[in-house]
Amino acid sequence: MSARQMKLGLFLWATGHHIAAWRHPDAHVTAGIDIDHYIALARTAEAGKFDMVFCEDAAGLREANVNIASQTSRSIGFEPISLLSALAARTERIGLVSTASTSYNEPYGLARTFASLDNLSGGRAGWNLVTSASPIEAANFGATGLRPHADRYARAREFATVITGLWNRRAAGHDGESFSVRDPLDIPPSPQGAPVMVQAGASDDGKDLAARTADVVFSAAQTFEEAKAFYDDLKARLAAYGRQPDDVKIMPGVAPIVAATKAEAQAKYDALQELIPDDVGVALLSSYLSISDLGRYQIDGPLPELPESEGMKSRQALVIEQARRDGLSIRELARYFAGARGHWRVVGTAAQIADELQARFEGGAADGFNVMPSWFPGELDAFATMVVPELQRRGLFRKDYEGRTLREHLGLKRSV
Amino acid sequence: MHLAVSLDIASVTGRAGLTLAEIAGFVRKVEAAAVDMVAISDSWPSGKPSTSPFEATTLIAALATVTEKIGLVASASTLMHQPYNLARRFASLDIISHGRVGWNATMRQNPREAVNFSRPEGFSDADFRRRAQEYIGIVQGLWRGWDADALLFDKAGGRFHDPGKMHMLDHKGEFFSVRGPLNIARSPQDTPVLVMSGLVEAEFDFAARFADVILLGDGSPANVKAACDDLKPRAIAAGREPKALRVLATILPGPQLTADRLDDWFETEPCDGLNFTLPADLSALDDFADRILPNLRRRDLARPARTGATLRGNLGLGTGGER
């Protein structure tokens with residue numbers, strides 16, 4: 001018997017992860033600002049025994065070009081701590097993980113907020129630490145612009161030290177480079193002690209910070225080899241911080257499209273791809289590559305040589321490698337990328353998708369997966385009713401919750 | 001008469017805070033009695049540490065999904081949040097609650113805040129006031145960044161929103177620089193309601209110009225009338241309709257609050273309504289719910305029907321509109 005079971009997160013995103021999801025004929029077009037939509041999604045995931053729902057975040061517009069932005073649904077949506085606090089009152093068991101920035105918050109404030117979410121939910125809160133790489137966000141928080149990568153991570157390291165000290169009731173009093181905090185946290189200890197710490201940065205700085213502080217790491221990997229390399233790299237870094245390999249759960253993103261037959265699943269995917277306007281796909285790709293405008297290059301030509309950016313270093317490398325490997329034109333890469341935003345796309349039957357997930361899980365490339373349905377609710381419903389039962393039949397995923405808290409779902413020690 | 005309940009969940013040290021179920025149960029009772037809004041605060045202005053398990057904005061998010069009509073106001077400090085984040089939090093809460101949310105912006109500096117938020121030197125009162133005023137202006141400006149009809153949802157045409165109806169803030173001030181816009185749509189009630197409390201006279205002009213609701217400190221009906229008569233003309237002088245600002249008197253409902261004393265308030269109507277402040281104490285909540293609420297509910301039969309489902313509707317504020 002195999003005691004080890006995979007972890008599943010549901011990555012929430014308004015109408016869905018596909019850039020054109022909102023244009024899908026059955027997509028609920030107002031989803032991003034509809035609380036009932038999110039309550040229904042969270043309950044579907046809870047019925048499917050998912051470990052957690054997860055919200056990504058940006059404190060600002062995601063696209064500087066207003067005309068491009070207006071062709072996507074991504075300029076509008078709930079602030080995730082508000083959303084998850086609301087979901088806490090309408091769900092029972094599922095974990096609630098919100099992103100929040102170390103660049104635009106103070107540790108005492110976030111410590112209070114997440115402790116409150118942990119208390120509201122009976123111990124189901126998690127915090128995804130980001131340093132915020134977007135200059136659009138930076139402009140909402142002062143006139144100095146985006147800080148360099150290394151500075152953001154220095155602040156993030158100090159932030160993580162202070163916030164975990166507050167949650168774990170270590171001696172108060174911190175006077176550091178970026179932060180000063182005098183008092184202990186003025187919210188009583190929450191059920192988990194410290195909410196679950198999540199990270200997704202895949203740069204060297206990001207991986208080191210994750211190895212030191214994270215309980216869960218989200219990653220993006222197209223191939224088994226990339227996923228395995230990331231997994232081994234991160235787990236190998238843990239020993240330096242006195243941690244065991246099992247102390248961190250690595251959960252790559254997966255964007256599944258499931259149907260009764262492979263052909264039917266492929267047809268669903270193709271139909272979505274057709275809904276992506278070229279300029280939107282190219283702009284999205286430009287933004288993830290952190291370069292100002294790919295639109296000035298031939299859309300049917302290859303990706304040009306690109307300088308290393310201050311924004312998302314690791315993600316840039318991933319996308320460029322993809323293009324070179326498959327000999328893709330800008331248009332092809334843009335479409336491919338827009339569909340799953342650089343994450344792993346699997347298209348097929350429930351059994352085929354379960355095979356793929358099982359291979360990465362048992363091959364030592366993942367402890368679980370962060371599921372990114374292409375559009376809501378359709379692809380979530382399909383995954384929850386087709387793939388989850390298949391994983392359960394194979395003994396790879398729980399049939400019911402055993403614990404109450406997110407830490408218990410994930411098999412993590414209570415923080416000390 | 002408009003009715004509000006202020007609940008301070010920062011219970012005293014040594015006593016367990018109220019649970020979510022206890023708070024939600026109380027708020028639903030108050031809602032059933034047609035109270036316009038409940039205002040939640042989570043820290044002691046005196047600087048004593050709170051032992052509440054909840055922070056106010058996250059608590060009202062949870063309450064929004066288990067109530068239907070009552071307004072939900074949270075106190076939030078201008079030192080504990082960046083203005084962009086706070087504007088976005090309340091704009092989100094306002095859509096989650098279908099237009100029932102307000103922000104209680106206190107002008108008092110809590111001594112525990114600066115020292116825990118990397119500002120050990122703190123602010124002088126004058127600096128704090130100028131900073132808070134700039135902050136409130138930014139928040140209200142961000143709340144108006146998207147026109148009410150900006151979202152098109154045009155699947156076939158591929159147009160999600162009209163970029164001409166989204167407006168940058170481009171604020172550059174003494175304390176803050178914020179480009180905007182928020183990444184959330186316009187509020188169902190135009191903007192969240194701005195509540196101000198703990199005011200001193202130096203802040204009256206500002207509050208009369210920008211606040212939707214002012215909560216006065218406790219005092220006799222005569223004192224309250226004097227304060228209200230001072231504030232209303234300032235609002236009119238700032239070009240506002242008198243009904244655009246609601247001034248509520250604060251009452252401490254202990255055993256000393258008898259039916260006769262309540263009668264005085266209802267008969268003299270010294271201002272727009274009453275705000276009952278309650279501690280995080282189950283017996284105090286029960287006393288209020290069992291003794292005072294039935295009295296209020298009886299009087300409510302004589303009140304005009306609510307004009308709308310939003311907090312602005314409850315308060316008869318109309319929409320916020322462009323300034």
(message) Being within 22 Å of A:Ser290 (Cβ to Cβ) and in the same structural domain as A:Ile39 (by TED's automatic domain parsing): is that true of A:Met386 here?
(response) no
(request) For residues that are more than 22 Å from the chain's Cα centre (by Cα) and in contact (Cβ under 8 Å) with a residue 60 or more places away in the chain, scanning just segment A:277-291, find the one that is nearest to B:Lys155 (Cα to Cα). (result) A:Pro277
(message) Every residue in segment B:84-105 that is out of contact with any helix residue (DSSP H, G or I) (no Cβ under 7 Å at 6 or more places or on another chain), at the interface with chain A (Cβ under 10 Å from one of its Cβ atoms) and either closer than 10 Å to B:Thr191 by Cα or not in a helix (DSSP H, G or I) (or both), please.
(response) B:Phe90, B:Asp94, B:His98
(message) part of a loop (DSSP other than H, G, I, E, B) and either in contact (Cβ under 8 Å) with a residue 40 or more places away in the chain or more than 9 Å from chain A (Cβ to nearest Cβ) (or both): is that true of B:Val73 in this structure?
(response) no
(request) Name the one entry in A:Arg147, A:Arg124 that is over 19 Å from the mean Cα position of the chain (by Cα) and more than 11 Å from chain B (Cβ to nearest Cβ). (result) A:Arg147
(request) Check off (1) more than 9 Å from every other protein chain (Cβ to nearest Cβ); (2) outside any loop (DSSP other than H, G, I, E, B); (3) of a type in the set (Ser, Thr, Tyr) for B:Thr78 and give me the number that stays unchecked. (result) (2)
(request) Quick one: in segment A:158-175, of everything that is charged (D, E, K, R) and more than 22 Å from A:Gln192 (Cβ to Cβ), which residue is farthest from the chain's Cα centre (by Cα)? (result) A:Asp175
(request) Considering each of A:Arg170, A:Arg182, A:Arg152, A:Arg112 in turn, give the residue that is within 30 Å of A:Glu63 (Cα to Cα) and out of contact with any Phe, Trp or Tyr (no Cβ under 6 Å at 6 or more places or on another chain). (result) A:Arg152
(message) Condition check: assigned to a helix (DSSP H, G or I), out of contact with any Gly (no Cβ under 6 Å at 6 or more places or on another chain) and within 17 Å of B:Ala4 (Cα to Cα). Does B:Leu262 satisfy that?
(response) yes
(message) So, A:Ala31, is that one crowded, with 20+ Cβ neighbours inside 10 Å, out of contact with any strand residue (DSSP E or B) (no Cβ under 9 Å at 6 or more places or on another chain), more than 9 Å from every other protein chain (Cβ to nearest Cβ) and within 18 Å of B:Arg159 (Cβ to Cβ) or not?
(response) yes
(request) Would you be able to say whether some residue in segment A:353-370 is open to solvent by 20 Å² or more (accessible area, probe 1.4 Å) and more than 30 Å from A:Gln244 (Cβ to Cβ)? (result) no
(message) If I ask for residues that are surrounded by fewer than 14 Cβ atoms within 10 Å (Cβ to Cβ) and farther than 30 Å from A:Ile136 by Cα, which ones from segment A:268-288 would you list?
(response) A:Asp270, A:Ala271
(message) Of everything in segment B:265-302, what is among the polar types (S, T, N, Q) and either touching a residue at least 24 places away in the same chain (Cβ under 8 Å) or not in a helix (DSSP H, G or I) (or both)? Give them in sequence order.
(response) B:Thr268, B:Asn275, B:Thr277, B:Asn295
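One line per residue, one yes/no per condition, for (1) at pLDDT 95 or above; (2) aliphatic (A, V, I, L, M); (3) touching a helix residue (DSSP H, G or I) at 6+ places or on another chain (Cβ under 7 Å):
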residue	(1), (2), (3)
A:Tyr104	yes, no, yes
A:Pro107	yes, no, yes
A:Leu110	yes, yes, yes
A:Arg124	yes, no, yes
A:Trp127	yes, no, yes
A:Val130	yes, yes, no
A:Ser134	no, no, no
A:Ala138	yes, yes, no
(request) Collect the residues in segment B:233-242 that are in a helix (DSSP H, G or I) and at pLDDT 95 or above, keeping them in residue-number order. (result) B:Pro233, B:Arg234, B:Ala235, B:Ile236, B:Ala237
(request) Just name the residue that is farthest from A:Gly145 (Cα to Cα) out of those in segment B:125-166 that are within 25 Å of the chain's Cα centre (by Cα) and in a loop (DSSP other than H, G, I, E, B). (result) B:Ala148
(request) Taking the options A:Gly95, A:Gly16, A:Gly9, A:Gly48, name whichever one is away from every other protein chain (no Cβ under 11 Å), in contact (Cβ under 8 Å) with a residue 24 or more places away in the chain and in contact with a His (Cβ under 7 Å, 6 or more places away or on another chain). (result) A:Gly95
(request) Go through (1) open to solvent by 50 Å² or more (accessible area, probe 1.4 Å); (2) closer than 22 Å to A:Lys249 by Cα and name the single condition A:Thr385 misses. (result) (2)
(request) Just need a number here: residues in segment A:19-28 that are facing chain B (nearest Cβ under 9 Å) and of a type in the set (A, V, I, L, M, F, W, C). (result) 3
(message) Quick check on this structure: which one of A:Gly301, A:Gly295 is surrounded by fewer than 18 Cβ atoms within 10 Å (Cβ to Cβ) and either closer than 18 Å to A:Arg62 by Cα or modelled with pLDDT of 95 or more (or both)?
(response) A:Gly295
(message) Can you tell me how many residues within segment A:209-227 are out of contact with any helix residue (DSSP H, G or I) (no Cβ under 8 Å at 6 or more places or on another chain), over 18 Å from A:Asn128 (Cα atoms) and open to solvent by less than 60 Å² (accessible area, probe 1.4 Å)?
(response) 1
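This table checks each residue for (1) open to solvent by less than 10 Å² (accessible area, probe 1.4 Å); (2) not in a helix (DSSP H, G or I).
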| residue | (1), (2) |
| --- | --- |
| A:Ala45 | yes, no |
| A:Val53 | yes, yes |
| A:Ala64 | no, yes |
| A:Leu83 | yes, no |
| A:Leu87 | yes, no |
(request) Specify which of the listed residues (B:Ile214, B:Ile184) is under 30 Å from B:Val247 (Cα atoms) and assigned to a loop (DSSP other than H, G, I, E, B). (result) B:Ile184
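The values are calculated or read from the model by the stated rules, or taken from the named source; none is laboratory data. Treat the numbers as computed from the prediction; the structure is a model and nothing was measured. Here the Cβ is made from the backbone with ideal geometry for all residues, glycine too, and neighbour counts use every protein chain on show. These accessible areas exclude ligands, DNA and RNA; they are computed on the full protein's heavy atoms, side chains included. Shrake-Rupley method; radii C 1.70, N 1.55, O 1.52, S 1.80 Å.
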